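The values are calculated or read from the model by the stated rules, or taken from the named source; none is laboratory data. What you see is a predicted model, and the numbers here were worked out from it, not measured in a lab. With ideal geometry, Cβ positions are generated from the backbone for all residues, glycine too; neighbour counts draw on all protein chains shown.
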Amino acid sequence: MIRKLFASAIVSATALMGVAQAEMTYKPLESDPKELTFGIISTESTSNLKDQWLPFTEAMEEELGMKVNAFFAPDYAGVIEAMRFGKVHVAWFGNKSAMEAVDRSGAEVFVQTSKANGSQGYYSHIITHVDNDKINSLKDIFKCDKSLNFGIGDPNSTSGFLVPSYYVFAQNDVNPKDCFKTVRNANHETNLMSTAHKQVDVAANNSEQIGRSKLKAPEAAKNIKVIWTSPLIPSDPIVYRKDLSKEFKSKIKNFFLGFGRTGDIAKAEKILAGISDGQGKYMESGNYQLYPIRQLALYKEKLRIQSNEGLSAEDKAAKVAEIDQKLAELAILVKYQ
């Protein structure tokens, strides 16, 4: 019985993930690329991201024996769309943006990042200026008199958007647009610096950006006060186009898993230490690491439907039942992954 239920859940979850739709919407690759393009999401300014990632792409180029180009875009959607049209073949994403890439861009998770100590996770934060003695917890920002300016992350960001949208706002029945004077979307670096310079009163951020700022912009970092911390978020996934050849995907995966474990280990460790707040070795992963993020997105949608006064009780019950079914299927997948 369990096996039948598990098999049914896999079939339903596959439909849930939009695989059928993705196969119709992303542009298939005709063959493996002659040059590999590695996409990098816009968590910071492009110049800062280049400093972190170009040494890594150069090492990848040397190991694979082919040209590796780094692709930067002004927002997360730019990398997702570039992968959808075959312009990006491998990419670093957060979990939310990886979920979008899997569903829309023919992507597949194959490894995930870790920290130097081997831990695999990070946290979303809500921050304010350290001198702001009127804001010390979430209840202090929920007066909702439209006196505060709030900085939220890119809509495809896990820690900057999805996690705070669910845990901070949806669970407290607060609509940010009805609560704050302004709500501004920006990357993690911009939100941190805007908070440090009192350009916004409160902002979403994460432990990695705060850690990196302590290393690279300590004067700004010391002006930040954390007023809320999320549950642990899975470490960032690395994805590649699933329609690359098996041989080519094996070469790419072997490079990531071998980086810092074989060859010039000291050089690799130095390169990884320069990424974000200091990365460790890559760990094997798969699309299963996105299951908790899918659950989070569904819970958020369920809360939105339940609070929608424009829906009839019958429509609301039907939509909630559909989401509950998807959540039940995902719960089985999470249990047996």
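Could you please let me know if VAL239 is among the hydrophobic types (A, V, I, L, M, F, W, C) and in contact with a His (Cβ under 6 Å, 6 or more places away or on another chain)?
no
When you look at ARG261, is it of a type in the set (Lys, Arg) and surrounded by 21 or more Cβ atoms within 10 Å (Cβ to Cβ), yes or no?
No; evaluated as a whole, the condition is false for this residue.
Sort out which residues of the stretch 126-140 are in a loop (DSSP other than H, G, I, E, B) and more than 20 Å from PRO231 (Cα to Cα), and write them in order of number.
If the condition is that a residue be in a loop (DSSP other than H, G, I, E, B) and more than 20 Å from PRO231 (Cα to Cα), then VAL130, ASP131, ASN132, ASP133, LYS134, ILE135 are the ones that fit.
Each row is one residue, and each column tells you yes or no for (1) part of a helix (DSSP H, G or I); (2) within 27 Å of GLU108 (Cβ to Cβ).
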| site | (1), (2) |
| --- | --- |
| ASP277 | no, yes |
| LYS281 | no, yes |
| TYR291 | yes, yes |
| LYS300 | yes, yes |
| LYS316 | yes, no |
| ILE323 | yes, yes |
| GLU329 | yes, yes |
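Between a first residue in the stretch 191-210 that is free of Cβ contacts under 8 Å to residues at least 40 places away in the same chain and a second residue that is part of a helix (DSSP H, G or I), which pairs have beta carbons less than 8 Å apart while being 6 or more apart in sequence or on different chains?
Pairs that qualify, where the first residue is free of Cβ contacts under 8 Å to residues at least 40 places away in the same chain and the partner is part of a helix (DSSP H, G or I), are MET193/ALA220; HIS197/ALA220.
If you go through the stretch 163-175 one residue at a time, do you hit one that is at pLDDT 95 or above and farther than 26 Å from ILE80 by Cβ?
No.
Tell me the residue from ILE271, ILE252, ILE275 that is hydrophobic (A, V, I, L, M, F, W, C), surrounded by 13 or more Cβ atoms within 10 Å (Cβ to Cβ) and closer than 19 Å to GLY121 by Cβ, please.
Checking each option against the conditions leaves just ILE275.
List every residue pair whose Cβ atoms lie under 8 Å apart, where the two residues are 6 or more positions apart in sequence or sit on different chains, the first residue falls within the stretch 128-145 and is at negative phi, and the second residue, located anywhere, is assigned to a loop (DSSP other than H, G, I, E, B) and surrounded by fewer than 15 Cβ atoms within 10 Å (Cβ to Cβ).
HIS129/LYS198; VAL130/LYS222; ASP140/LYS134
Identify all residues within the stretch 94-125 that are of a type in the set (D, E, K, R) and in a strand (DSSP E or B); write none if there are none.
Scanning the stretch 94-125 gives GLU108, LYS115.
From GLU58, GLU63, GLU30, which residue is at negative phi, assigned to a helix (DSSP H, G or I) and free of Cβ contacts under 8 Å to residues at least 40 places away in the same chain?
The match here is GLU58.
Of all residues in the stretch 272-327, how many are free of Cβ contacts under 8 Å to residues at least 40 places away in the same chain and in contact with a Ser or Thr (Cβ under 6 Å, 6 or more places away or on another chain)?
Here the count works out to 0.
Scanning the stretch 297-337 for residues that are polar (S, T, N, Q) and at pLDDT 90 or above, which turns out farthest from the chain's Cα centre (by Cα)?
Here the residue is SER312.
Tell me, which helices (runs of 4 or more DSSP H) wholly within the stretch 150-223 include 1 or more residues that are within 26 Å of THR46 (Cβ to Cβ)?
Ranges flagged: 188-196, 207-216, 218-221.
Listed residues GLY78, GLY151; which is closer than 28 Å to PRO292 by Cα and surrounded by fewer than 24 Cβ atoms within 10 Å (Cβ to Cβ)?
GLY78
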